[in-house]
Amino acid sequence: MDPFATNFSVLSGELRNILFRKDYDNTKVNLLIDELNAKPYGTELFVHKHVIIYALRTLAQLFFTHSQTIPIPLPELIGICRYYMLHGLVCQNTKPEKLMPSQQILATPVKNNTKGGKKQRTRKQRNTAIESIKKELPISDRSLMRDVDNFENNAAYKPVSSTFMEPHKAKCTPWPMTSDSDMSDVESSKEAKLIALKSRVRQSASNLMLVLIKVSERKNIFGFWWALLPSCPNENNWALEGPSKMTIAYCAVYDPIASSRTGALSVILALLSGSKMYLSQAESSKMQTTSFIPFSESLGYTILCMHKVLFGILEQERNHSVILVALKCCDALIQATPYHKMKNGLICELVRLTRKFLIHREVTLQVGALITMGCILSIDPKVEEVTKAVQKDTASTKVLELNKSKDIDECDDFKEGYSDDEMFMAVNEVSAECERCDIVHFKSWILDICFKNMGWFFKGNEIIRCKSSPIPVILESLQVISAIAFHHFIEFLSPHLMLLADILCNMIQNDHQEVVLQAARTVSVIGDAVQKLENAGEALPLTHCLYMWEKLLPNLSSLLQCQDNASAKAVVCDCIANIGERSFEELPRRRQLSCCALLVGSCCVEEAAVRAAAVRALAMVLMYRSLREDIHFVSDCGENILRALAESTLMVRTKAAWALGNLSDALVKNREDSDIEDIDDDLLVRLLEVSIHCAIDNDKIKMNATRAIGNLLRLIKKETLLKNSQIKELTEISIDKLLDCACKVANMKVRWNACYALGSIMKNDVLYTAFSGWQKRVFFSLCDLVEGCKILKVRITAATALRAPRTRDQYAEWFTQIWRSIMAAMEAAANFDDFNEYKHKDNLIEQLCVTLSHLCCLLKPSDLPDILDPLSFHYECGKGLFTQLPHKLPPENASCLKILEAAKHVTMNLTAINNTQRQCLGMLQEMFIWDL
């Protein structure tokens, strides 16, 4: 037998032992790596390539299934993967080289905490790169399938129709080893067999690279980007530079085999997915050439080169699988790129190249292009180029583009009738006569395409019903409409609210349940967008809003009552919650009652998701004045919230806790109006009891329970205490729970809300006379937090809470200690240097200054000697902060007004009697008098 065949047979048997008998350890891994680093076996290229393929696949399987127990030598493996991904494409050394990670130091990524408000609902996007791994894994190992599904890809826009999309990767040879008889197969051409083997080597290397990206920490993989992706300063000629030819981007463009190009693009997709935190530092260079290239500009070069790589693929590629993965790479790149710091032109070019696939005959490419457009429309922070890119072309621009893409337009893959339509072209003049004809003119061509996909075509003053596209295209079109409503509502959708209502009403009556669900979600997003405009003082005409809800509510109500789909019912509850107070108050009374009855009834249905959505919606509509003043409705809401808080399902309890906080806010607002009747004392006691119980629940429940406790204690009257002795005991327990949450819990939001709640209870004058001893504990705890808490948002809320007492007597003997703590906190804030919390520093200083100003307004001459010591110690710092603050704030700002009130008090109202008081008063006057 040939010795090379003998070696191959022995190695194949060894690999089988490693895989199927779990005969693996570090020695075996090193053996495989050594085999991959070895030179070819003389002239036996076929044997060597089979060995390489098996070794690469064995390593991929081992690291994927046993990454926790086997050390992964990334420098060696990344070098091997890159070497064999380029195998047969470029001239390389005779064996792989070890690649070392970049030593560039990144700022620690900080997770963005949204400030609240409703988010656009999204669903998890299928990652093409991971789909290729799943296809290669043994089907019997379901645990591996679950592990692959957990590969995260956080993004602003995620497609709704991923379940309808076919796997994008072309078929590859399965994981089980090929028999030795493959060595003797007769090929029609030895050269053809060699080309096929080289392609299998490159695909196996791609799969190993995907596994390494999946099982390794992203920050470790990021260190190898310099060796995997191009970063050429001249992005237009990136492929001409030697280093760029040694990247996987070169494979994606120049590999002659489509399946190998797909594999390389899948690796690029895995690298780009979830990389926003790292690429956020990137920026385009403002100068042509410099001797020193900052790291941020180097990242910018990588982003520019990757755009050019993908532009070239979208322009020239004809294989559908490759195009689809390229579109997915575009999605990941869009979501990771800080376009506000990059040069203009990238988005317009990307839109130009993507737009043709929106009218492709292949459904998966249409869906992929819609997803890419959704990602572009969801770019945050917003850039003007997005609006420009999706606006309709002028006639002259359109002629130029038609000439440029003549060959593409003539391709059979693209649908007839779109290229010459008016949907891509702007109306040059919109005359008064046209307006009288009710011509439907959208500013963006993407709206025309989305609506045509749903079966609505607009031409002049005609609205033509046409055949709708396949279900996946309709679903993604609705999601794109949602993205436009969420990010660009006022620019593109606000003039067409009534037309939107007609189309969505039709979609809600669709026979396909997924279409109904997505249409309802779109309605919810549009309702939220309308409310945002109202809050910003840019309300749409009330008649348009009423038309929309009058058109949609009957179908939404039927959906909530008759639909078996729990997800659809939950979304309908969100829709009702997003009607908005302005529109709700003007709806017919029967519609108002119907909405309230449906929400109350949905709190008792079988599906937990619906109950959670219904109780949340109840709490939102409860804030409407007409419903808030209806004490019977308020009581009904309270009963439903109590019932939901007693459930075992965490999701329901979380929403109910948020609703409890909203209910308590509504009760506080009602207390401010003396004409509104109070809720029953029994309900108040039960609400307080359940709030105390929730304060020891999950953190998401705690944060809202503490807010509710603060508001409920603020409602207690002297008469209530006299009639119900139980409330006194509950009050003392409540304060203890708030102090525990403020000082001992790790979760920032829980501590923040607990401090807010402590401020709320100190606004109730009754508590100062009916109870004793609680003030000392509350004041001292807040002082400790305002001075030493590492989380500045907690310090800010603690500082705000310390100015809640309205009179000097309410501070009692702890006034001086609070003064001392506030001044010490001002000194600490001025010298604060934690980068992660730096963005809150100015707000903290402002709130501390306002709190000290509040204390100044309550000063009596007898207090001056007591505050002299801390005032003298922190005088320079305090004067500096009070001097700087008015220059940073507008004069009408409430903080400025409070500081001016304090300045007036210490200069005009406060009188010193002895020298000590005069010394202290003089320092205060110096601190509050500054040159404007």
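I want to check the label-to-label distance for R808 and Y875. Put each point 7 Å from Cα in the C-beta direction and report it in nm to one decimal.
About 2.2 nm, to one decimal.
Please state the relative contact order of the stretch 495-621 as a whole percent: Cα pairs under 8 Å, 6+ residues apart? All intermediate terms of the calculation are to be shown ahead of the outcome.
On the way: 140 pairs, mean separation 33.1, N = 127.
Value for the stretch 495-621: 26 percent.
Can you tell me how the stretch 772-931 classifies by the Cα gyration tensor, rounded, prolate or oblate, using a/c under 1.5 as the rounded cut? Please report the intermediate quantities before stating the final value.
Working: a/c = 1.64, a/b = 1.17, b/c = 1.40.
Oblate shape, in that a/c is at least 1.5 and b/c is the bigger or equal ratio.
Under a crude label model (7 Å from the Cα following the beta-carbon direction), how far is K776 from R625 in nanometres?
4.6 nm
Pairs K343/K392; K532/K717; K749/K860; K328/K452: which are spaced more than 26 Å apart, C-alpha to C-alpha?
Working: K343/K392 22 Å; K532/K717 37 Å; K749/K860 36 Å; K328/K452 24 Å.
Where the Cα-Cα span goes over 26 Å, the pairs concerned are K532/K717; K749/K860.
Please list the equivalent ellipsoid semi-axes of the stretch 495-621, computed as the square roots of five times the alpha-carbon gyration tensor eigenvalues, in descending order and whole angstrom. Spell out each step's value before the answer.
Working: eigenvalues 96, 57, 31 Å².
Square roots of five times the eigenvalues give 22, 17, 12 Å.
With the contact rule set at Cα under 8 Å and sequence spacing of 6 or more, what percent relative contact order holds for the stretch 256-344? Display every interim value, and only then the final one.
On the way: 83 pairs, mean separation 42.8, N = 89.
Reported relative contact order: 48 percent.
Mind giving me the FRET efficiency for K551 and N93? R0 is 45 Å, r the Cβ-Cβ distance, nearest 0.05 is fine. Intermediate values should be presented prior to the final figure.
Details: r = 69 Å, r/R0 = 1.53.
That pair, K551 with N93, gives E of 0.05.
At 0.36 nm per residue, minus the direct Cα-Cα distance, what do S102 and K841 gain on full extension? Give it in nm, one decimal, please. Spell out each step's value before the answer.
Working: separation 739, 0.36 × 739 = 266.04 nm, distance 3.29 nm.
Residue separation times 0.36 nm, minus the Cα-Cα distance, leaves 262.7 nm.
Starting from the 7 Å offset along Cα-to-Cβ, what nm value, one decimal, do you get for the label separation of R643 and N237?
My value for the distance between the label points is 7.4 nm.
Cross-link list K219/K569; K763/K839; K839/K879; K790/K898: which exceed 31 angstrom alpha carbon to alpha carbon?
Pairs exceeding the cut-off: K219/K569.
Quick one: which of K245/K276; K744/K904; K276/K737; K341/K655; K382/K841; K467/K551 span more than 31 angstrom between C-alpha atoms? Walk me through the intermediate numbers first.
Numbers: K245/K276 25 Å; K744/K904 40 Å; K276/K737 39 Å; K341/K655 38 Å; K382/K841 26 Å; K467/K551 23 Å.
Too far apart for the 31 Å limit: K744/K904; K276/K737; K341/K655.
Can you order the peptides 454-462, 262-270, 56-64, 622-630 by their average number of other Cβ atoms within 10 Å per residue, highest first? All intermediate terms of the calculation are to be shown ahead of the outcome.
Details: 454-462: 16.0, 262-270: 29.2, 56-64: 23.6, 622-630: 17.7.
Per-residue Cβ counts within 10 Å, averaged per peptide and sorted highest first, yield 262-270, 56-64, 622-630, 454-462.
At 1.4 Å probe size, what's the solvent-accessible area of C251? Round to the nearest 10 Å².
0 Å²
Are there GluC sites (Glu not before Pro) in the stretch 207-246 that DSSP puts in a loop and that have at most 10 other Cβ atoms within 10 Å, and which ones?
On the way: sites: E217, E235, E241; in loops: E217, E241.
The qualifying sites are E217.
Using the charge dipole of the stretch 554-700 (Lys, Arg: +1 at Cβ; Asp, Glu: -1 at Cβ; taken about the Cα centre), state which of V668, S583, V615 has its Cα farthest towards the positive end.
Checked the options; the winner is S583.
May I ask you to derive the FRET efficiency for D736 and T816 from their Cβ-Cβ distance with R0 = 30 Å, giving the value to the nearest 0.05?
Details: r = 25 Å, r/R0 = 0.85.
About 0.75, to the nearest 0.05.
On full extension of the chain, what length is gained from R361 through D675, given 0.36 nm per residue of separation minus the C-alpha to C-alpha distance?
Working: separation 314, 0.36 × 314 = 113.04 nm, distance 6.56 nm.
Between R361 and D675, full extension yields an extra 106.5 nm.
Once fully extended, how much extra length lies between E462 and F292, figured as 0.36 nm per residue of separation less the alpha-carbon to alpha-carbon distance?
On the way: separation 170, 0.36 × 170 = 61.20 nm, distance 6.00 nm.
Gain in length upon complete extension: 55.2 nm.
The values are calculated or read from the model by the stated rules, or taken from the named source; none is laboratory data. Please read these numbers as outputs of a predicted model, since none were measured by experiment. Cβ: placed from backbone, ideal geometry, glycine included. Neighbour counts: every protein chain shown. Note: accessible area is taken over every heavy atom of the protein model, side chains too, but ligands, DNA and RNA are not part of it. Shrake-Rupley method; radii C 1.70, N 1.55, O 1.52, S 1.80 Å.
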